[in-house]
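Here is the structure we will look at, set down as structure tokens.
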Amino acid sequence: MLYKTLVLLYEKLDSTSKRLEKTYHISQLIRETGKDDLPLIILMVQGKMYPEWEETKIGVSSKLVVKAINKATGISEKDIEAEWKKQGDLGLVAEHLIKKKKQSSLFPKSLSVKNVFENIRGLSSLGGKGSVDRKLAAMSELFINATPKEAKYIARTLVDNLRIGIGKGTLRDAIIWAYFTEKLGIKYDPEKISIEVDDREKYNEVVELIRRGYDLTNDFGKVAVLLKERGLRGLDEIELKVGTPINPMLYQKAEDIDDAFKTVGKPAAFEYKLDGFRMQIHKKGRQVNIYTRRLENVTSQFPEVADFVMGFAKAESLILDAEAVGYDPETKKYLPFQAISQRIKRKYDIDEMAEKFPVEVNVFDIMHYDGKSLLDEPFRKRRAILEKAVLQKQQKIVLAKQIITEDAEKAQKFYEESLKMGEEGVMAKNLEGIYKPGSRAGYGVKIKSILEPLDLVIVAAEYGEGKRSGWLSSFILACSDNGELKEIGKVSTGLKELDNEEGTTFREMTGLLKPLITEPRGKYVKVRPEIVIEVGYEEIQKSVNYSSGYALRFPRFLRLRTDEKTVDDINTLEDVERLYQKQRGRDK
Ligand code: AMP
């Protein structure tokens, strides 16, 4: 397929904010894409080059893209940067400058999707001496052969900001529309931008099957190829595989113990909700792989965890769901997540880190045991298998502390005990519930103390003054409203000024945000919404100042959540509304 066909789709997606319209356009392209290009198209529509859980990243900075445009057009870097400041989007800059490029090649070749994909992917494998020059050469070759519109999207893909915002749900629906329009009687009306489906029930079944396929592979490309070649039956081939991470099961919120019983039934299992980070552990023979909640591979960062599993798990193969919790090596007391968070990204001095910041693995679920998937087994049975499969050893690997009760008072006591111990609250789990990857199916709920902090994403920031000049020092936050980001406030307290203070410093935060800047406007900068933080506050108020309609009173930065959460996981406007109502109830 020619790249310009994909660019045509990008342009259509750019011109509408309506989800159904986007779904329709994407589905049309998927329908006409051949098997070989399909996995590429599926990634590139999302502006990606690799599935999320792959460790490889494109790894070029905006600055390098500016240099590549310079090399392709002959226009000075200074002029390109001036244009970038004006336009606020390197994509538009590339488009504009390629249009008036000085070194136009006489016979630009037509770029194919594969050319662009392979060229950009190739960048991440270039390392070592001379690699910057080779990256520059590869990128400028793309720009030289690109039409202005193509250059716009190549630049945006390179800086990892396609700006057309399609979510996983849209992509899933587009795949369904591409292959099941006739079978399910899907009728899209482009005038009214609405759809009708003849067979809703069947439609929902197909959604479920495709969701399952995705949650077990994290790869819509693979799902689409199977559907194209073999229809729904193709998906049967997708099974839980030791070594391939699955999307972890998520938990809904419950207001209190009674509310929890309503969702998970009686009796229920209650477990402490520990404040660490989620670890999905795969073991096969002597091979152990460890993934975070976002399915990043952190095996090499936690060699001791692999040893615990080898030493204390009695199975040839298994997949465990666990919370890794840091503890003080002296007092053995649990520490908040923040204390061990630095281990997740650490690339060197691993053993020293493991000694300084040890973790205890609290296992709370098992999805595979000795060659058998346990996804469809009830939690009661999974826990029983877990008790057999894992020998417990304090400070190394233990099972989540659990009680089973139908007595609200006992559960309440357990909950209060957990809060007293400094934990976040409790989880309540349905004993008959299966393990449903990737969804908040209601087989488990979390109960946290009232006015729980919010997970929000930083969408913009402002440079500080005086002592804080040179740092980004206040951060504009957003929640999500059906995939759209809505601003809800601005936080500047809670971060530290001095490097030797414990916690995140302004300097670190500035370092995280700078590469994400998309629109520098003097002191105010817009950033790509990637940095998720946990924010505490005194109260939620109605407000006309922010697009969400709400504002946080006395917001306070609590901690970075980037290792566990992406913009897809932040709190929703619905959550904010619920908390607002709850707080009103409490105030009465
Ligand atoms: P939240 O991050 O607020 O959505 O809460 C869910 C998270 O709590 C899970 O992703 C786990 O990382 C964590 N967690 C802590 N203890 C448990 C437990 N016993 N069972 C399940 N999840 C737990």
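Values computed for the structure shown
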quantity	calculated
Segments classed as helices (runs of 4 or more DSSP H), wholly inside segment 135-227, with at least 1 members that are within 30 Å of Gly88 (Cα to Cα)	148-158, 168-184
Tally, over segment 36-54, of residues that are modelled with pLDDT of 95 or more, in contact with a helix residue (DSSP H, G or I) (Cβ under 7 Å, 6 or more places away or on another chain) and assigned to a loop (DSSP other than H, G, I, E, B)	1
Residue match in segment 425-437 (condition: within 23 Å of Tyr334 (Cβ to Cβ) and polar (S, T, N, Q))	no
Any chance Leu560 is over 29 Å from Ser62 (Cα atoms), outside the structural domain of Arg294 (by TED's automatic domain parsing) and open to solvent by less than 50 Å² (accessible area, probe 1.4 Å)	no
Filter result for the condition that a residue is over 22 Å from the mean Cα position of the chain (by Cα) and open to solvent by less than 40 Å² (accessible area, probe 1.4 Å), over Leu516, Leu477, Leu472, Leu498	Leu472
Yes/no for Asp575 being under 23 Å from Asn161 (Cβ atoms), within 14 Å of the ligand (Cβ to nearest atom) and either open to solvent by 20 Å² or more (accessible area, probe 1.4 Å) or more than 15 Å from the chain's Cα centre (by Cα) (or both)	no
Sole exception among (1) within 28 Å of Arg521 (Cβ to Cβ); (2) open to solvent by less than 50 Å² (accessible area, probe 1.4 Å) for Leu40, by number	(1)
Unmet requirement for Gln252, which otherwise passes all of (1) within 16 Å of the ligand (Cβ to nearest atom); (2) surrounded by 18 or more Cβ atoms within 10 Å (Cβ to Cβ); (3) in contact (Cβ under 8 Å) with a residue 60 or more places away in the chain; (4) not acidic (Asp, Glu)	(2)
Neighbours by Cβ (under 9 Å, 6+ apart or cross-chain): first from segment 16-28, assigned to a loop (DSSP other than H, G, I, E, B); second small (Gly, Ala, Ser)	Ser17/Gly165
Val298 at pLDDT below 95, more than 13 Å from the ligand (Cβ to nearest atom) and among the aliphatic types (A, V, I, L, M)	yes
Verdict on Thr217 being open to solvent by less than 30 Å² (accessible area, probe 1.4 Å) and at pLDDT below 95	yes
Every residue from segment 391-423 that is in a loop (DSSP other than H, G, I, E, B) and open to solvent by 40 Å² or more (accessible area, probe 1.4 Å)	Leu391, Gln392, Gln394, Gln395, Lys396, Lys401, Glu406, Asp407, Met421, Gly422
Options Lys71, Lys114, Lys57; residue that is open to solvent by 60 Å² or more (accessible area, probe 1.4 Å), in contact with a helix residue (DSSP H, G or I) (Cβ under 7 Å, 6 or more places away or on another chain), farther than 22 Å from Val525 by Cα and not in a helix (DSSP H, G or I)	Lys57
Test: residue in segment 269-281 that is in contact (Cβ under 8 Å) with a residue 40 or more places away in the chain, open to solvent by 30 Å² or more (accessible area, probe 1.4 Å) and away from the ligand (no atom under 13 Å from the Cβ)	no
Any chance Arg380 is within 16 Å of the ligand (Cβ to nearest atom) and either within 25 Å of Val264 (Cα to Cα) or buried (at least 22 other Cβ atoms within 10 Å of the Cβ) (or both)	yes
Verdict on Gly47 being buried (at least 17 other Cβ atoms within 10 Å of the Cβ), within 22 Å of the chain's Cα centre (by Cα) and on the phi > 0 side of the Ramachandran plot	yes
All positions within segment 255-268 that are open to solvent by less than 10 Å² (accessible area, probe 1.4 Å) and either within 14 Å of the ligand (Cβ to nearest atom) or polar (S, T, N, Q) (or both)	Ala260, Val264, Ala268
Unmet requirement for Lys85, which otherwise passes all of (1) modelled with pLDDT of 90 or more; (2) assigned to a helix (DSSP H, G or I)	(1)
Lys202 more than 16 Å from the ligand (Cβ to nearest atom) and outside the structural domain of Ile434 (by TED's automatic domain parsing)	yes
Residue match in segment 166-174 (condition: among the small types (Gly, Ala, Ser) and more than 30 Å from Asp219 (Cα to Cα))	no
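The rows are residues; the columns are (1) within 12 Å of the ligand (Cβ to nearest atom); (2) open to solvent by less than 90 Å² (accessible area, probe 1.4 Å); (3) of a type in the set (Gly, Ala, Ser).
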{"position": "Tyr348", "(1), (2), (3)": "no, no, no"}
{"position": "Asp351", "(1), (2), (3)": "no, no, no"}
{"position": "Lys356", "(1), (2), (3)": "no, no, no"}
{"position": "Val361", "(1), (2), (3)": "yes, yes, no"}
{"position": "Phe364", "(1), (2), (3)": "yes, yes, no"}
{"position": "Gly371", "(1), (2), (3)": "no, yes, yes"}
{"position": "Asp376", "(1), (2), (3)": "no, no, no"}
{"position": "Ile385", "(1), (2), (3)": "no, yes, no"}
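The values are calculated or read from the model by the stated rules, or taken from the named source; none is laboratory data. None of the values given here were measured: they were computed from a predicted structure. Neighbour counts run over all protein chains shown; Cβ positions are idealised from the backbone, glycine included. Quick note on the areas: whole protein, heavy atoms, side chains included, nothing else; ligands and nucleic acids left out. Shrake-Rupley method; radii C 1.70, N 1.55, O 1.52, S 1.80 Å.
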